Structures are given as structure tokens and as C-alpha cells.
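Only one structure is covered here, and it is reproduced in the block below.
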Amino acid sequence: MSTRKQGYRLTTEEPRSRHVLQDGRVRLQLPDELGHCYADSVELEPGFSLGRLHYHPSFSLVEESQGPHAGRVMVITVGLQGESAYQGERTPDLLFKAGHTTVTAFHSLRGERHYQEDQSVSQLRLIISESALHKYVGSERATQLLDCAGLHRLSFHSSSQATMAHAAALTRYMQPSNHDQPLHTQKLNLHIHALSLLAEQFNRLTPTTPQPAAPLSVEDIQRVERARDLLSSQLDQAITVEYLATTVGINEHKLKEGFRYLYDNTPIGLLLELRMRKAYTLLESGLQVAQTAWQVGYKYPNNFSVAFTRYFGRSPKSIFGNKRL
């Protein structure tokens, strides 16, 4: 085998070593001179398998692929690290990228997988055969999804938090050094996470009911959570929705939408709730009504007393000192 500085093309005829590991995984590994490149797989049930690929090629690598899957399959690829590309005959190119999920309908065809020199690529793959997909989503929908002559990209999107959580669990179970039991005894957990990942992608492709506006992105959710933290840490300040939105970098409409989605409340409604809970605790500990009012953002104790009584149905004085020793 010879390597070229500008890269290497690994043909389908060149050998890949195949090992059945002690824990039951099957590993296909490229020759060592090409770098540290291997792919592990385990069959969860007939027609439903899980794979984890890790490539770190020493050269720019093009790996020819014959499409080893028998019949038509659906492939879910979760990018964990780096990126790679796939080019098939007379089909659109595919990109696999960290933090993104790619869903494809696939039929055996010749193609090429492209990996960059000295760049690590890690991916998690679920491969579902046509018969297995029929069992889970029904014959009609399975046929619609897999109705392609070669390759069809069904979806390419940022991975959700749920996807990444399932992917992390599946990756952990694919590394038996992280737990005491062999892989075959972990198959129930593997299967649960794999099916959850499949269900999420299928629901994304085939919503069963009309969907509202696009859900919040992961970044939007993180901003809304930061806004909630701001409320909690600044109960003594005069906080407005405009201030929150500007501080965390989100528009006011999306901020309100996020609060409704995550906390079933408005920003101002949640602020009141946090203030009242804090006030209750302070009063129980023996803090005077006037001091409590100031610490939860009320300039005038009378206004605080009215708000507290309306919220709890009890006056602040009835709570004062209840937990004192």
C-alpha cells in the first residue's frame, strides 16, 4: 500500500481488518498507516443496528463505499466531532457535521466518503432496515420514506438537546471500559436510547398533528434560562421585559414565548412568583416586613403587603418569625 502526500484513495477491494471484540462489538479498522480509523457496530435486533465511527486519518482520505446494506435502509447519523462528506453516483452530496443530525434513505450504490487530513471525526449511526421500519412506523409510511432509487436526504438539522443526550448515552454504552458489564448485557439500555432517537427523528419527519411555529432553538432556550436566572438573582431590582431581552440577546416576543414554553408563565408573572417565595422565606426567618419588602424589590412596605396578601391570602405579619427558634 502506498500513500501520497496529497491524500489517499482506499478502494473497495483493499482489505479492512474485521474483529469481533470480547464485548460483542464488531470492529472494522483501516490499515494503521492511514491513521487511527475504525468503526464499531452492534445489532440491537434483526434489521436495527447501532454504529460508532471514529476516524483520524494521517492523510486526506477518500474511502470508496459499495453501500454494504442489503435492501433499502434509513440511516440516522449524529455528528459528535469534526465533519465528513459523502458523494454518491448521481446523488446530492451529504455533509455530516458535529452538532448536526443527518437522516437519509439509502439504497445500495457506489459512493465516496471524504475525510480531512489530521482531523478527528466521530459519528453515531442508527441503521434501520425496511422491514424494521415497517414494524415501527407502518408499511405505508416506511415505503414513503424509503422510496428512492439510490440516496435521498430526508433531513439535516442542528441536533436537539434530547438527541445529544441519547447520543451520549449510546456512545458511553459502546465503550465497555466505562462500565463493568459486557456490551450484550447493556442491550436493553442501548435499545431504549436508540428507539428514543428514532422516534424523535420520525416525529420530526412526520408530525401527526399540525405544528405551531417552529420551536425555540437550543440557543434561544439557553437565553431564556439565563433570563430566568437574572430574575432570580435580581429580585430587589426594577426589572422589565425589555431589560431581560436586551441583556440575554433575544427579542421580547421570543422571550415571552420561551417563558410560556419552559415555565408556563410570563416573565413578569414569574418575577412575582420568585419574589413572593423569597419574601415568604425571609419573613419565616424573622426578617421585618419593611426589610423583606426592600429585598424583593418593593420600595413601599404597604405595596408589598398588598401584593403578598393577594398572592398568599395571608398578610406578611402572619408569617413573620414562624421558623424562629
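When semi-axes √(5λ) of the Cα gyration tensor in Å is computed from the coordinates, the matching label among (1) 54, 21, 20; (2) 34, 23, 19; (3) 25, 23, 20 is (1).
Quick check: the distance between the Cα centres of the stretch 4-68 and the stretch 251-281, to the nearest angstrom? After rounding, the separation between the Cα centres reads 50 Å. For the chain, the relative contact order is 12 percent, taking Cα pairs closer than 8 Å that sit 6 or more residues apart in sequence and dividing their mean separation by the residue count.
Excluding same-chain neighbours fewer than eight residues apart, the aspartates and glutamates reachable from residue 254 by a Cα-Cα span under 18 Å are 219, 220, 225, 229, 242, 264.
Among 303, 203, 189, the largest mean-square fluctuation in a Gaussian network model of the chain (Cα springs under 10 Å) belongs to 303.
Evaluated with a Cβ-only charge set (Lys, Arg +1; Asp, Glu -1), the chain carries a dipole of roughly 1340 debye about its Cα centre, given to the nearest 20.
Suppose only helical runs count, i.e. DSSP H with n ≥ 4. What mean residue ellipticity at 222 nm does that imply for the chain under -39500 (n - 2.57) per run, divided by all residues and rounded to the nearest 500 deg cm²/dmol? Working shown, then result.
Working: 11 runs with 124 residues, N = 325.
Result for the chain, helices only: -11500 deg cm²/dmol.
Mind ranking 247-254, 15-22 by how tightly packed they are, going by the mean number of other C-beta atoms within 10 angstrom, highest first? Before the final figure, lay out each step's value.
Details: 247-254: 14.6, 15-22: 10.9.
Highest-to-lowest ranking by the protection proxy: 247-254, 15-22.
Net charge dipole, the stretch 218-319: roughly 420 debye, given to the nearest 20, about the Cα centre with Cβ charges of +1 for Lys and Arg and -1 for Asp and Glu. With both labels modelled 7 Å from their Cα along Cα-to-Cβ, the residue 41 to residue 158 distance reads 3.2 nm.
Cross-link partners for residue 317 among the lysines, with Cα-Cα distance under 18 Å and sequence neighbours closer than 8 places in the same chain left out: 278, 299. Farthest toward the positive end of the dipole of the stretch 8-205, out of 86, 166, 142, is the Cα of 142, where the dipole comes from beta carbon charges about the Cα centre.
When each of the peptides 277-283, 29-35, 232-238 is scored by how many other beta carbons lie within 10 Å of its residues on average, the order from highest to lowest is 277-283, 29-35, 232-238.
Here, each number is a calculation from the coordinates, and none is a lab measurement. Worth saying up front: this structure is predicted, and the values here are computed from it rather than measured. Cβ coordinates were reconstructed from backbone atoms using ideal geometry, including for glycine residues, and neighbour counts include every protein chain displayed.
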